[in-house]
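Heads up: the structure comes next, in C-alpha cells.
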Amino acid sequence: MRKILFISLALLLAACGVVQPVQQELPTPIIATVLVTVIAPTDVVPPTAIPLPTQAPTEIPTLAPTETLVPTLAPPPTEVLPTLDTNTATAGSDIVPVAVDNNLGKGVFTNITFSSDLFSMRCFPREITINITANLPEIVDAVMYYRVIDNPAGLYPSEWQNVGEMVSDKNGNFSLVFTGLDVNPNLRLDKAWIDFQFIGINKGGGVVDRTQKIERLVTYLKDCP
C-alpha cells in the first residue's frame, strides 16, 4: 500500500514539476500594397527619312584648260653685221688660197696657209682661216699678231695687234678664223694689206721663237670692190 502511495506521490510531483511552454502568438504580417501604374507603350515614330532627289545631279561642266601664256623673252643682243652686198660679192671659185714659203716660218712653224688672199668686212669672203704647224717640240701654244698697211702706198704700217692664242688640236697643229670685224676699228682702211707673225709658246708660257714677218700676201677691203 505504501508502495502505491509512493508511486502516486512521485507521479504527482512529476506532473507539477513540468513547466508547460507558453505558446506565443506570431504577429500578423503587414502586407504592403504596391500600386503599379502600367503605362501603355506608345508607338515610336521613326525619324522622317530625307527624301532622295528624283533627278540625277547635274553634271559638272568640263572646263577647257586655260591656256598657259609663256612670256616672250627678248632675244639676246647679237652683233649686227654689215649688210652683205650680193651684187658685188665675189664668187666662191674666185677665192685664191695662199701657201706661205716655209722659209718665212724660220724653222718655228711650217705649213702656214691662208684660205684666201682677200677678205672684207662687207662682202664675201668676210673671213679667212689660218693654219700653221709647230716645227719645234717644245711649242705647245701659238699666238698670232697682225698689222695693217695702207694699200697701195704701203707707207704707214700700224702697230702690231695681238689676236691671242690659236686653237690647238694637241698634235702641234694650230688654226684661227680671222674676220673683217676682228680688224681693229681704228685700222679699218678702205683697202689695206694685212701682215702676220706667229709666235711659239712653251708649256711655261715663255716665248720659244717667232716667224718672219709675213707681208703683203693678204688684202683687206672695208667695202666691196
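Quick notes on this structure:
- Label zone (Glu127, point 7 Å along Cα-to-C-beta; backbone nitrogen cut-off 18 Å) within the range 179-217: 179-185.
- Ligands, DNA and RNA left out, the accessible area of the range 145-221 computed with a 1.4 Å probe is 45% carbon and sulfur.
- Inter-label distance for Asp117 and Val163, nm, one decimal - labels placed 7 Å from Cα along Cα-to-Cβ: 1.9 nm
- Taking Lys and Arg as +1 and Asp and Glu as -1, the other residues whose beta-carbon sits under 14 Å from that of Gly107 total -1.
- The range 123-148 and the range 158-197: distance between their alpha carbon centers, rounded to Å: 7 Å
- Spacing of the modelled spin labels on Asn151 and Glu138, each 7 Å from Cα toward Cβ, amounts to 3.7 nm.
- Glu127 contributes an accessible area of around 90 Å² to the protein surface, as traced by a 1.4 Å probe with all chains present.
- For Ser168, the accessible surface of its heavy atoms amounts to roughly 40 Å² (probe 1.4 Å, protein chains only, rounded to the nearest 10).
- Residues Asp190 and Gln212, FRET efficiency given R0 of 22 Å [Cβ-Cβ distance, rounded to 0.05]: 0.20
The values are calculated or read from the model by the stated rules, or taken from the named source; none is laboratory data. Remember, it's a predicted structure, so these values are computed and weren't measured experimentally. Glycine gets a Cβ as well: all are built from the backbone with ideal geometry, and neighbour counts include every protein chain shown. Note: areas computed on protein heavy atoms with side chains; ligands, DNA, RNA excluded. Shrake-Rupley method; radii C 1.70, N 1.55, O 1.52, S 1.80 Å.
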